[in-house]
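K.L.:
Mind having a look at this structure? Questions to follow.
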Amino acid sequence: MKHPLTAITLIAASAATGALATGSPTATSVEALTTGFESAQVIRVKDEIKEVEKAAEKAAKDAEKAEKQAEKASDKAADKAEKRADKAADKAEKQADKSLDKAEKELDKAADKAEDRAEKAAEKSADKAEKRAEKLDDKVEKATEKASKHAEKRAEQEAKAAEKAEKSLDKDLKKVEKELEKDLENALKETDDAARERHMAMFKADIERSAEEREKLVQALMDAKAPQDRNMVEVIERTSLQLMTEPVTIENADVAEIITYRNCPPGLMNKTPACVPPGLAKQGVTYEEWVSYDSDRLEDLLEERRTAFVAVDSDASASTGDVAVATDAEVDLLLSSDRIATIYDLDPAPEGQKYALIDGLPVLLTDADYLALIEVNELAHTVEIKDTTYVSPAAALTQAELVQTYALPELAEGYNYAVVNGEVLMVEDSAYEMLQLLRIARAAL
């Protein structure tokens, strides 16, 4: 739409242009005319802007109002739609429930009918099977009776034949057993005798020495050195003498203490059970029982074992065990009682007693003990040691260490090595046990 101001503006502009061209109007009149036109134009423009702004505000309000109305209409429509949907869902659910109930009833009826039919069919089949089973039972019973009678007759015949054969076989077996026993006894005897002879051939029952040879050997024994941790002279010097009677366990004792511990000689340390002499171990004595034995119990055991090696005088008291006194000249023991006292710096043996040396430990023996030791020495087989090697009388060595140190042959079962008064002996279990009991009960510490 064109505003009236536009025409006025054009007229004014035209007039001004003409005046300028002719030069008739003054510049002031033209300026005033132009200024008047501009003021009127500005006023009209501002009015138009205000009208436009008012129209815009109204339009915005109308739009906002329309928007709210539209939102309300939308909410109402949504509520109605939701309510309609809920009603439709409820209706559908009710229809579905009715359909399910109807189907379930129909299924129940069909199941009942099928169950009745199956039950009737099962009853008929059971009746038929029962009748057949009865007939079969009758047949089986008759057949069993017939077979039983036949088997009974056959069994009687076979039993008679077996009895006859058994008697004949028993006779043959007894004859064969007797022959085998004789052959086995002969074979075992020959084997044992041959094995013993081969084993004993490695040893000498007696070693003859001249006085000069004996003195030379004794002097060599006195000078022979034992391994430091197996030297009983050094061990005794640094070990409490109370150790011999204190209840020290193997687990809590060091090597030196184990060697001197009263109830565990070195030769029995690695046995099973440890420390227990062979005879007692066979009787079931455990390590715990053995180390708990007091002096009285050890004395009883020693006396029991000692009687097998020395006879008590009939006129003597059994309680004191009086026996004939033996002198060093009567036996071939290398180290005398005095020599042993010198090695271990001991006081001279009291009257009626003598020192001996068993596996490195000095013992103080009664006459009965000493005679038993002599008997063991005479029954034992002496092991010859190489000329360049001398047995250390102060060495306390295990069986394995004795074999390794002195290059000894492996022992047969039932035998042990023991070092008695400086000489290596091979003795049977019973003699070895007696020697160890002497070592334990008569230790001269």
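The values are calculated or read from the model by the stated rules, or taken from the named source; none is laboratory data. Small disclaimer: the values here were computed from a predicted structure and weren't measured. Here Cβ is always computed from backbone atoms with ideal geometry, including for glycine, and neighbour counts include all displayed protein chains. All accessible areas refer to the heavy atoms of the entire protein, side chains included, with ligands and DNA or RNA removed. Shrake-Rupley method; radii C 1.70, N 1.55, O 1.52, S 1.80 Å.
K.L.:
Mind listing just one residue for me: the one in the range 366-390 that is in contact with a Phe, Trp or Tyr (Cβ under 7 Å, 6 or more places away or on another chain) and outside any helix (DSSP H, G or I) and, of those, modelled with the lowest pLDDT?
P.N.:
389
K.L.:
Residue 179 - would you say it is of a type outside the set (Phe, Trp, Tyr), part of a helix (DSSP H, G or I) and open to solvent by 100 Å² or more (accessible area, probe 1.4 Å)?
P.N.:
Criteria not met by residue 179.
K.L.:
Considering each residue of the range 400-415, count those that are small (Gly, Ala, Ser) and under 13 Å from residue 427 (Cα atoms), and give that number.
P.N.:
Going through the range 400-415 one residue at a time, the tally reaches 2.
K.L.:
Also: Taking residue 412, is it hydrophobic (A, V, I, L, M, F, W, C), open to solvent by 10 Å² or more (accessible area, probe 1.4 Å) and part of a helix (DSSP H, G or I)?
P.N.:
It is false that residue 412 is hydrophobic (A, V, I, L, M, F, W, C), open to solvent by 10 Å² or more (accessible area, probe 1.4 Å) and part of a helix (DSSP H, G or I).
K.L.:
Return yes or no: is residue 418 open to solvent by less than 40 Å² (accessible area, probe 1.4 Å), modelled with pLDDT under 85 and either farther than 20 Å from residue 269 by Cβ or of a type in the set (Gly, Ala, Ser) (or both)?
P.N.:
So residue 418 does not fit the description; no.
K.L.:
Go through (1) over 18 Å from residue 309 (Cα atoms); (2) part of a strand (DSSP E or B) and name the single condition residue 352 misses.
P.N.:
(2) is the only condition that residue 352 fails.
K.L.:
Considering the range 284-308 alone, what residues qualify as being part of a loop (DSSP other than H, G, I, E, B) and either of a type in the set (Gly, Ala, Ser) or open to solvent by 30 Å² or more (accessible area, probe 1.4 Å) (or both)?
P.N.:
284, 286, 292, 293, 294, 307, 308
K.L.:
Looking at the range 111-123, I want the residues that are free of Cβ contacts under 8 Å to residues at least 60 places away in the same chain and have a partner that is open to solvent by less than 80 Å² (accessible area, probe 1.4 Å) and of a type outside the set (Lys, Arg) with Cβ atoms under 7 Å, at least 6 apart or on another chain. Which pairs are those?
P.N.:
No pair meets every condition.
K.L.:
Does residue 433 satisfy the criteria of being open to solvent by 30 Å² or more (accessible area, probe 1.4 Å), among the acidic types (Asp, Glu) and within 19 Å of residue 269 (Cα to Cα)?
P.N.:
Here the answer is no, as residue 433 does not meet what is asked.
K.L.:
Now for a different question. Sort out which residues of the range 258-283 are among the aliphatic types (A, V, I, L, M), at pLDDT below 75 and either in a loop (DSSP other than H, G, I, E, B) or open to solvent by less than 10 Å² (accessible area, probe 1.4 Å) (or both), and write them in order of number.
P.N.:
259
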